[in-house]
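A short write-up of the structure that comes next.
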Amino acid sequence: MARIPYLDPERAPESVKRLLAPDRPQKIALLFGHAESNWPRLAELLLSILGEQQLESRLRELGILRVAKLREARYEWDQHVAIATAAGVRPEQIESIAKGEIGAACFEPRERLVLEAATELVRDANVSDATMAGLSRALPPRQIVELLLACGVYEALAKLMNALGLDPEGAVTSAFAEQVNRGDLMRRPQPAQGG
């Protein structure tokens, strides 16, 4: 149960209302929206991570699911299972992450590296030289930074969700998950601003 009340959608600040849409998760915006100057910028960063990185969305989602599992962030897990599925993460891989079995045979070596990097980042606040060397052989520098950025931001998000008691909202629809992975949510026209 949320530890502070959700904003009333009718009375929410305009900066938060602009982020509310029937096809998007609502609870996160109505809870994090209390930080009305920061939430819209954080939401933009999250959408950029989800829709504008060069890193394969499948690899990004493996990392995010691992972070969600390690941080016991149910809301993050529930939302990203659908996004991961739309990105090509297989059900047996999701199940293995849920069980903490990141060395399972269903993962190829590059996927195991991503999972190991996410694990180290959460547990050690760093990535070992061996894991970084493996990532450097598997991914270009931009994608390594994008992976670590995604994992780091989603770890911070998981901590905030847990601290505020963000209630589960159910999984996003497959159509929404596909839009996320295509980056379509970043391309939504923004309302014109007067002045």
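The values are calculated or read from the model by the stated rules, or taken from the named source; none is laboratory data. What you see is a predicted model, and the numbers here were worked out from it, not measured in a lab. A quick note on method: Cβ atoms are made from the backbone with ideal geometry, for glycine too, and the neighbour counts reach across all protein chains shown.
Quick look at the numbers
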item: Near pairs, Cβ below 9 angstrom, 6+ apart or cross-chain, from region 16-31 (in contact (Cβ under 8 Å) with a residue 12 or more places away in the chain and under 18 Å from ILE83 (Cβ atoms)) to any residue that is small (Gly, Ala, Ser) and surrounded by fewer than 19 Cβ atoms within 10 Å (Cβ to Cβ); result: ASP23/ALA175; PRO25/GLY170; LYS27/ALA2
item: Residue in region 130-144 that is in a loop (DSSP other than H, G, I, E, B), buried (at least 16 other Cβ atoms within 10 Å of the Cβ) and touching a residue at least 40 places away in the same chain (Cβ under 8 Å) present; result: yes
item: Of all residues in region 145-159 being within 13 Å of the chain's Cα centre (by Cα) and surrounded by fewer than 16 Cβ atoms within 10 Å (Cβ to Cβ), the one that is farthest from GLU72 (Cα to Cα); result: ALA156
item: When residues of region 1-42 are limited to those that are among the aliphatic types (A, V, I, L, M) and part of a helix (DSSP H, G or I), the one surrounded by the fewest Cβ atoms within 10 Å (Cβ to Cβ); result: LEU42
item: Among (1) crowded, with 16+ Cβ neighbours inside 10 Å; (2) at pLDDT 95 or above; (3) in contact with a Gly (Cβ under 8 Å, 6 or more places away or on another chain); (4) of a type outside the set (Phe, Trp, Tyr) - the single one GLN53 does not satisfy; result: (3)
item: Members of region 31-72 found to be over 21 Å from GLU111 (Cα atoms) and small (Gly, Ala, Ser), listed by number; result: GLY33, ALA35, SER37, ALA43, SER48
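Quick grid of which residues meet (1) modelled with pLDDT of 95 or more; (2) under 13 Å from the mean Cα position of the chain (by Cα); (3) assigned to a helix (DSSP H, G or I):
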| residue | (1), (2), (3) |
| --- | --- |
| GLU61 | yes, yes, yes |
| GLU72 | yes, no, no |
| TRP77 | yes, yes, yes |
| VAL81 | yes, yes, yes |
| GLU92 | yes, no, yes |
| ALA98 | yes, no, yes |
